[in-house]
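Following: one structure in structure tokens, then a few remarks.
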Amino acid sequence: MAFRVLDGKLQATGELSLFFFYEEESETKKAVWYETTVPVSAAIECQGVREGMLEQIGCSIGHLEIEAKADEDGEERVILLDLVLDLDIRIYEETNLSMIEDLYGIAKQADVVRGKGQYRRLLVKNTAKTRVSDQFSISPGMPQIQQICGSFGEVFVQEIKKQSDGVLVKGTVNVQILYESAEEEVPCGCLKGELVFEELLETAEPVKNTCSCRIAASLEQLSVQAQNEQEAEVRAVVCVKGLICADCEEEIVTDALLRAPDPEKQANQPGIVVYLAGEGETLWDICKKYDVPMDGMREMNNLTQDEIHPGDQLLIVKGYAVDKEMQIV
């Protein structure tokens, strides 16, 4: 199944592959089979979602009921199918967060309260496909292969390994092959086996153990071809989807307690200072030290950007502000 997030809904499209194996209503009761595909298309209402959001959706059969019905000729040649799909829907929106790292007061003294800010950062949303193949052989005592009737596969993820270049996904495809034999006593047989796969979902940075990984693997294609009476060649395409996020924690400002400015500090502040920027100092650090607004500092020194370098001379005037209605004190 393929899913697409649209405004207010989720669009699902795909195909349902059906295989029926039954006995003829005759004296010979010959085993016969029928294969077909049924297109599936549905719009699922999801309030609040918008096109462009990230989706991670799991799909499984919740209920399946099959019934044979008689056609207009009275023959049971009509198949009624009642199917319910269970969806595990997770839809994410990627946003840019604005966090306050620091603040200071001009007219009042601000006591900063700090805490830990937690957020999740998307590393990669990726889909990869891997091809696997192998030879399956019948076990001793099993009937020989005359014709392949149908094949079925189920994907299992066995290991998810976080490493420096991405996430390595290892798993198996459990395959069952139903075949027809030439033996009258045992007209059909079932051949079972496993295909082993691994796929690397690459990331631009190392994936740490604290990162969250939502991995889903599904079988996209499965083909079986009899090589001889003893062996069959099995080929499969496994689709691996991953949503990998880094759990981050930053120190941020959670609150600020405002109080009257310290009169002693104000009295000791010089009226005019020619300040020599030191190693590692930023314009913010200097403005905070002298209780000068950033806009005022830029205007005083004709700065078009906040970047300064060690040795730069900066003019600092006490009480200077950009607001033209205010005068230099």
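The values are calculated or read from the model by the stated rules, or taken from the named source; none is laboratory data. Fair warning: this is a prediction, and the values are worked out from it, not measured in the lab. A quick note on method: Cβ atoms are made from the backbone with ideal geometry, for glycine too, and the neighbour counts reach across all protein chains shown.
What the table below lists for this structure:
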item: The one condition in (1) touching a strand residue (DSSP E or B) at 6+ places or on another chain (Cβ under 7 Å); (2) farther than 27 Å from residue 121 by Cα that residue 186 fails to fulfil; result: (1)
item: Candidate set from segment 136-170 (those that are of a type in the set (Asp, Glu) and either outside any loop (DSSP other than H, G, I, E, B) or more than 25 Å from residue 246 (Cα to Cα) (or both)); member that is nearest to the chain's Cα centre (by Cα); result: 159
item: Cβ pairs under 6 Å, 6+ apart, first in segment 48-76 and more than 25 Å from residue 9 (Cα to Cα), second of a type outside the set (Ser, Thr, Tyr) and loosely packed, with under 10 Cβ neighbours inside 10 Å; result: 65/82; 67/80; 69/80
item: Elements of type helices (runs of 4 or more DSSP H) contained in segment 199-315, each with 1 or more residues being at pLDDT below 90, closer than 30 Å to residue 98 by Cα and among the small types (Gly, Ala, Ser); result: 294-300
item: Residue match in segment 101-108 (condition: farther than 26 Å from residue 248 by Cα, over 26 Å from the mean Cα position of the chain (by Cα) and not in a loop (DSSP other than H, G, I, E, B)); result: no
item: Qualifying positions in segment 31-53 - surrounded by fewer than 12 Cβ atoms within 10 Å (Cβ to Cβ) and part of a loop (DSSP other than H, G, I, E, B); result: 47, 48, 51, 52
item: Every pair of residues 6+ apart whose Cβ atoms lie under 7 Å, when the first sits in segment 91-118 and is free of Cβ contacts under 8 Å to residues at least 24 places away in the same chain and under 24 Å from residue 243 (Cβ atoms) while the second is surrounded by 11 or more Cβ atoms within 10 Å (Cβ to Cβ) and not basic (Lys, Arg); result: 97/119
